[in-house]
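What follows is calculated from the coordinates using simple rules that are stated; it is not laboratory data. Note that the coordinates shown come from a computational prediction; the quantities given were computed from them, not determined experimentally. Neighbour counts are summed over all protein chains in view; Cβ atoms, including those assigned to glycine, are modelled from backbone coordinates with ideal geometry.
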Amino acid sequence: MSLLLVLIFLSSSARTALSAHCSTAAPARTFEKCITLPTQQASVAWTFHAHNATLDLVFFGTFISPSGWVGWGINPSSAEMTGTRALIAFPDPQFRPVDIHLLSSSATLYGGKMATLHNGAAVQIYATLKLERNKTKIHLVWNRGLYVQGAAHKDDARTLKIAHGILNAVSWGVLLPIGAVTARYLRHVQALGPAWFYAHAGIQLSALLIGAVGFSIGIRLGELSPGVVYGLHRKLGFAAFSIGALQTLALLFRPKTTNKFRKYWKSYHHFVGYACVVLGVVNVFQGFEVMGESRSYAKLGYCLCLSTLIGVCIALEVNSWVVFCRKSKEEKLRRERLIGGSDKESGIHG
């Protein structure tokens, strides 16, 4: 059984060139037949195995720019461009499955591992196809172009990843802990009055707004990469954002100081707030792992910032205990004086 290749030349985004001599010998294997294609210095060689209806094929093409692409494909139904299933070789490939029975595929630059991509560089695209039995004709399509439009998509995704990382590190990893520290240590400074509360609320709201933007970018990144799932990072992100939103809503139901439920609200607010801080910091470190920045200067900078904040917390905690112990001692002495004075007064009257 012989196999007929019906050739279809796609003229869009391509440059006509002199025909290249075909060869049945390729760097990876040898084929039975070859044909020289009429344009683009391209050719194709193949071996058809009739006993199992498989086709080993290699397409020889050349790039017309370092950022370009070379591709060939098969239209399983008709001799036209519409409906073609193509294999594309370009510098930064993104794989999507094709709905033909493709047993294997690969692409190599002529010259092996030392080859570089440049104008006129030769490429071989290999494929092994499973054909329908008694099918004696397939439609071959080929083309090449100056640049890959999909590369801009990856650049945009990279920019979004950087923005997502920076916004979330600043909001969940820095501002939120600072807001918690403000509430814990400044509320006891009588000279500040209610200013500590406004500082605390302002920092936390700013953190939540910035974090909401970073969270939205993360959702968009997930839509742009449906095949990539970072389960733990995603779950921690949803948990931190949900708890942060609950904290914001809790302000609307904050009881007055004279309300008997105020102490329960404070316990809830403290517990949920610290849980949000812990989740946020843990997820920032998880984000560094996801982005492949586990040994980067960005992570080092964040660790130094967090270490500084922890050092400040330790210093403030020690100071709070010193003040507490001093006040307790002064209160004890005051009570002793009062008791001593009362005893003397009772002795005089007696």
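Assuming R0 = 30 Å, can you tell me the calculated FRET efficiency for the pair Leu249 and Tyr297, based on Cβ-Cβ distance, to the nearest 0.05?
Details: r = 38 Å, r/R0 = 1.26.
Result of the calculation: an efficiency of 0.20.
Kindly provide the chymotrypsin sites (Phe, Trp or Tyr not before Pro) of segment 185-244 that DSSP labels as loop, not H, G, I, E or B, and whose Cβ sees at most 12 other Cβ atoms within 10 Å. Each step should come with its number before you reach the end.
On the way: sites: Tyr185, Trp196, Phe197, Tyr198, Phe215, Tyr230, Phe238, Phe241; in loops: Tyr230.
Those that pass, being in a loop and sparsely packed, number zero.
From the mean inverse distance of alpha carbon pairs (Kirkwood) and the Cα radius of gyration, derive Rg over Rh for segment 215-276. Write down the numbers at each step before the final one.
Numbers: Rg = 16.4 Å, Rh = 13.7 Å.
Computed over Cα atoms, the ratio is 1.20.
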- Item | Where only alpha carbons of segment 240-302 are counted, the Rg and the Dmax (Å) | 16.6, 52
- Task: With θ set to phi - 60°, apply the Karplus curve 6.51 cos²θ - 1.76 cosθ + 1.60 along segment 309-326 and write out the HN-Hα couplings as whole Hz, x wherever there is a Gly or Pro.
- Result: 5, 5, x, 5, 4, 4, 4, 5, 5, 4, 4, 4, 5, 4, 4, 4, 5, 5
- Which of Lys266/Lys327; Lys235/Lys299; Lys260/Lys332; Lys256/Lys329 exceed 27 Å between C-alpha atoms? The answer is Lys260/Lys332; Lys256/Lys329
- Query: Which whole-number percent of Cα pairs in segment 167-232 have a distance greater than 18 Å?
  - Reply: 51 percent
- Task: Provide, in order from the shortest bin, the percent of all Cα-Cα pairs of segment 155-298 in each 5 Å bin, continuing until the bin that contains the maximum pair distance.
- Result: 2, 9, 18, 21, 17, 12, 9, 6, 4, 2, 1, 0
